[in-house]
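Computed from the coordinates by the stated procedures, all read-outs in this text should not be read as laboratory data. Everything numeric in this text was worked out from a predicted model, so none of it was measured. Cβ atoms come from the backbone with ideal geometry, glycine included; neighbour counts cover every protein chain shown.
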Amino acid sequence: MALAIACLSGTAQAAGYTVTWLGDLSGGTNYSFATGINDAGTVVGRSLATTGSRGFVWDAASGMTDLGDLPGGSNYSYAHAINNAGQVAGWSQATTGPRAFLWSAGVMQDLGDLPGGDDHSRGFGMNDAGQVVGFSTTEASSRAFVWDAANGMTDIGDLPGGGDRSWAHDINNAGQVVGYSEAASGDRAFLWDAVSGIMQDLGSLPGDIDYSKANAINNSGQVVGHAYAASGQRAFLWNAAGGMVDLGDLTGGSSADGSSANAINDAGQVVGSSYSATGDRAFLWDDVNGLQDLNDLIDPGLSPVLNYATGINASGQIVGSGTVGGLTQAFLLTAIADVPVPAALPLMLGGLGLLAGIARKRRAA
């Protein structure tokens, strides 16, 4: 029984993360920046290479692969998002200028631009159905779009009272789109869905500057981004029930500092960056622990600085970029599993069973 009690009273190890540095494409200046991750742990971003500045896809088995660029461009591409089918969205220089692309199974497809455009479009987000969002420009305006294989590129409009300008940054599996748009009161975060076709102004935080920008949305409709509050630029979390909530920053709220939330998973975990005069620090936020500096959750002996967190998947893996050895490099953080009390239960129960068997034999004797 003493053995069983000892098993039950074991203390759990504090949660933390292992760091995987993703490296960079060959021939460049040792620079890489990760922007997105899917649930399989496949990462996308941008790296400098012999061929120029190129979008990449990385996985643990194959390492970093150059996605190439569109024909006629200047050896430049940028991968922003990856879905669970392994499709990648971003933008690339092409003969006519920057163009949104969808990359799938080694083929990069030019998504075109909106009618009346100036051959300029950029892709930023995508969902598991392969829908891509971003913006397309004309000489006079910039318009948020949704692209799909059946309908091509569709203009989703802008908020009333602005200058006919909008930018889309992310889309969830329900087809809800977030970004920001010029409005009568200034640039405002929006939420748009295909069912109503209505672009909703998500408001802003109380403060001197009427500004907000949405960066990401999860499948529950929670939205993250940044807005200006009385204390400066602050990361926010928005939902339909509670509106916009200030997530704070890592330095205690000085107006000289700031923060931005860049991604959210379906568990409501948020990642982003907090800015101050002493440097940029990647953060993780959840409703239990609040805002945590990711640099405090890795082995301090590694001596890197995690500057920007830009993506988080369903299992809580986090990607972004940091400074290591004086170089900017993409990273992948993977949680080190806690050793909670329930993990000792099989041993405890086995011990109890053994003791019970001994007791029965003694009674029988």
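Quick look at the values:
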read-out	value
Residues with amide H under 5 Å from that of residue 200, placed H, sequence gap 5 or more	191, 192
Fluctuation leader among 328, 154, 278 - the chain, Gaussian network, Cα springs under 10 angstrom	278
Among 229, 267, 89, residue whose mean-square fluctuation peaks in a GNM of the chain (springs only between Cα atoms under 10 Å)	267
Principal axis dimensions, largest first and in whole angstrom, of region 132-285 by Cα	47, 34, 29
Distant-in-sequence amide H partners of residue 36 (H built 1.01 Å from N, under 5 Å)	44
Pairs of Cα atoms farther than 13 Å apart, region 140-206, %	61
Extension reserve of the residue 327-residue 51 stretch, reckoned as 0.36 nm per residue once the Cα distance is removed	97.4 nm
Cα-based Rg / Dmax (Å) for region 52-97	11.2, 36
Under 5 Å, built H, 5+ apart or other chain: amide partners of residue 81	89
Pairwise label distance in nanometres, residue 240 with residue 208, each label 7 Å out on the Cα-Cβ vector	3.7
Contour minus Cα-Cα distance for residue 18 and residue 85 (0.36 nm per residue)	21.6 nm
Estimated distance in nm for a label pair at residue 138 and residue 107, the labels positioned 7 Å out from Cα along Cα-to-Cβ	3.2
Label-point gap, in nm, between residue 65 and residue 95 - each point 7 angstrom along Cα→Cβ	2.7
Choice from 155, 24, 287 showing the highest fluctuation, given a GNM over the chain with Cα pairs closer than 10 Å	287
Potential lengthening between residue 40 and residue 278 on full extension [0.36 nm per residue; Cα-Cα distance subtracted]	82.2 nm
Rg [Å, one decimal], Dmax [Å, integer] - the chain, C-alpha atoms	23.7, 96
